[in-house]
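Have a look at the structure below before the remarks.
The values are calculated or read from the model by the stated rules, or taken from the named source; none is laboratory data. Note that this is a predicted model, so its numbers are computed, not measured. Cβ: placed from backbone, ideal geometry, glycine included. Neighbour counts: every protein chain shown. Surface areas here come from the heavy atoms of the whole protein model, side chains and all, with no ligands, DNA or RNA. Shrake-Rupley method; radii C 1.70, N 1.55, O 1.52, S 1.80 Å.
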Amino acid sequence: MRALVTGGAGFIGSHLVDILLKKNHEVTILDNFSSGSPKNIDFRRVNVVKGDLRRPNDVRKVVDGSDFVFHLGACVGRSVFFPRLDFDTNALGTFNVFRACRSASIERVVVASSVMVYGNPGGKGIAKESECLSPIIPYGASKAAAEAYAMAFHHAWNIPAVVLRYFNVYGPRADPRNPYSGVVSRFLGRARRRLPPIIYGDGKQTRDFIYVKDVVKATLLAAERKAAVGEILNVGSESETTINKLASLVIDVAGLGELEPRHAATRMHEYRRLHADMTKTRKVLGFKADTSLREGLELTWESLNPAD
Ligand SMILES: NC(=O)c1ccc[n+]([C@@H]2O[C@H](COP(=O)([O-])OP(=O)(O)OC[C@H]3O[C@@H](n4cnc5c(N)ncnc54)[C@H](O)[C@@H]3O)[C@@H](O)[C@H]2O)c1
């Protein structure tokens with residue numbers, strides 16, 4: 001397969017590229033390196049195009065000649081400060097990808113969306129794909145728009161699109177600056193320096209942490225399974241973890257039993273409880289995450305450079 005990975009220099013994209021290469025696929029990356037890093041790429045084996053999702057011609061050039069498009073490129077975690085950049089990259093950028101797909105012959109487009117489209121559902125915080133979306137930050141809104149374009153192009157022009165709503169992805173190469181998913185790397189990074197985790201608020205807020213290799217597995221299944229076309233699917237671990245629990249697991253994995261987490265004021269723009277209902281994804285993709293949070297934390301811990 002000739003695979004295009006937008007955002008292939010980023011955290012999740014680069015793990016996806018690694019697996020595509022392992023499976024001997026031809027891989028092209030489109031990235032502007034705004035948050036992705038050249039360190040994540042094996043330049044000898046990948047066709048790297050430095051370009052911008054916001055520019056239709058940059059996108060068209062790489063979509064032409066691809067069989068599969070994995071659209072992971074996005075502006076992540078800056079929307080509260082730069083909502084316009086978010087809109088341009090995530091909504092308009094996705095529109096550009098689909099417009100280019102219309103005039104190419106593409107077998108599948110897998111779009112990375114986000115748990116942030118759900119907002120703050122209240123109750124037990126179980127997110128089901130059929131739920132009404134109510135994003136609480138512009139990033140969530142830009143991802144909801146990206147999803148809507150993916151589905152609209154699918155219905156109007158039969159583009160074989162699948163949307164995946166990733167939950168809180170963690171693992172090696174994750175950017176600790178990402179406010180929505182960087183908590184794991186921030187806690188591990190501090191533990192590396194023998195510093196306690198800083199928990200915002202009471203720590204009883206919950207997240208659905210999923211290891212990056214599991215996310216890559218779901219993404220590849222979405223490209224392979226016919227039944228996935230035209231679907232929007234959650235990609236989470238299905239388990240709900242409090243930030244307090246995460247902090248104590250990190251302390252344990254790092255072997256720093258003497259550390260006590262610190263608490264700081266609650267942050268704005270946070271949701272309280274959210275985890276994935278995976279019923280539909282299990283049925284359509286036959287997917288289940290197999291890495292426990294403890295195992296994933298151990299693997300991420302081992303991957304950290306002692307100097308980090
Ligand atoms: N990390 C998570 O927990 C998480 C959760 C939900 C959804 N997602 C989604 O998964 C995808 C990958 O996220 P990630 O965590 O790997 O983030 P990341 O920031 O590491 O990767 C995004 C990549 O897109 C590139 N990019 C940004 N703007 C671009 C532009 N205008 N043109 C071309 N490239 C551009 C960046 O340089 C980067 O390499 C994103 O679509 C994100 O919204 C991530």
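Brief remarks on what is shown
Table: residues versus (1) in the same structural domain as Thr219 (by TED's automatic domain parsing); (2) touching a helix residue (DSSP H, G or I) at 6+ places or on another chain (Cβ under 9 Å); (3) within 14 Å of the ligand (Cβ to nearest atom); (4) touching a residue at least 24 places away in the same chain (Cβ under 8 Å).
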residue: Val48; (1), (2), (3), (4): yes, yes, yes, yes
residue: Arg55; (1), (2), (3), (4): yes, yes, yes, yes
residue: Lys61; (1), (2), (3), (4): yes, yes, yes, no
residue: His71; (1), (2), (3), (4): yes, yes, yes, yes
residue: Pro83; (1), (2), (3), (4): yes, yes, no, yes
residue: Val115; (1), (2), (3), (4): yes, yes, yes, yes
residue: Ala146; (1), (2), (3), (4): yes, yes, yes, yes
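- Any hit, region 31-44, residues being open to solvent by 30 Å² or more (accessible area, probe 1.4 Å), touching a helix residue (DSSP H, G or I) at 6+ places or on another chain (Cβ under 8 Å), not in a loop (DSSP other than H, G, I, E, B) and not basic (Lys, Arg): yes
- Note on region 263-305: among residues that are modelled with pLDDT under 95 and among the basic types (Lys, Arg), the one that is surrounded by the fewest Cβ atoms within 10 Å (Cβ to Cβ) is Arg267.
- Listed conditions (1) open to solvent by 30 Å² or more (accessible area, probe 1.4 Å); (2) assigned by TED's automatic domain parsing to the domain that holds Ala74 are all met by Leu195, apart from (2).
- Verdict on Ile251 being more than 17 Å from the chain's Cα centre (by Cα), over 23 Å from Asn120 (Cβ atoms), buried (at least 19 other Cβ atoms within 10 Å of the Cβ) and in the same structural domain as Asp18 (by TED's automatic domain parsing): no
- When Lys217, Lys213, Lys245, Lys204 are screened for being in a loop (DSSP other than H, G, I, E, B) and under 30 Å from Leu133 (Cα atoms), only Lys204 passes.
- Output for region 187-199, where each listed residue is touching a residue at least 12 places away in the same chain (Cβ under 8 Å), out of contact with any Asp or Glu (no Cβ under 8 Å at 6 or more places or on another chain) and not hydrophobic (A, V, I, L, M, F, W, C): Arg194, Pro197
- The requirement of being in a helix (DSSP H, G or I), open to solvent by less than 30 Å² (accessible area, probe 1.4 Å) and at pLDDT 95 or above is fulfilled somewhere in region 223-234, by at least one residue.
- Filter result for Lys213 (open to solvent by 50 Å² or more (accessible area, probe 1.4 Å), touching a residue at least 40 places away in the same chain (Cβ under 8 Å) and among the charged types (D, E, K, R)): yes
- Once region 142-192 is narrowed to residues that are under 18 Å from Trp301 (Cα atoms) and of a type in the set (Lys, Arg), the residue that is least open to solvent (accessible area, probe 1.4 Å) is Arg190.
- Unique match (being surrounded by 24 or more Cβ atoms within 10 Å (Cβ to Cβ) and either at pLDDT 95 or above or among the aromatic types (Phe, Trp, Tyr) (or both)) among Val76, Val62, Val109, Val48: Val109
- Checked against (1) more than 10 Å from the ligand (Cβ to nearest atom); (2) at negative phi, Gly125 passes all but a single condition, namely (2).
- Filtering Leu220, Leu246, Leu164 for residues that are modelled with pLDDT of 95 or more, within 15 Å of the ligand (Cβ to nearest atom) and not assigned by TED's automatic domain parsing to the domain that holds Leu72 leaves a single hit, Leu246.
- Residue in region 198-210 that is within 12 Å of the ligand (Cβ to nearest atom), under 12 Å from the mean Cα position of the chain (by Cα), modelled with pLDDT under 95 and open to solvent by less than 30 Å² (accessible area, probe 1.4 Å) present: no
- Condition met for Leu21 (in a helix (DSSP H, G or I) and surrounded by fewer than 20 Cβ atoms within 10 Å (Cβ to Cβ)): yes
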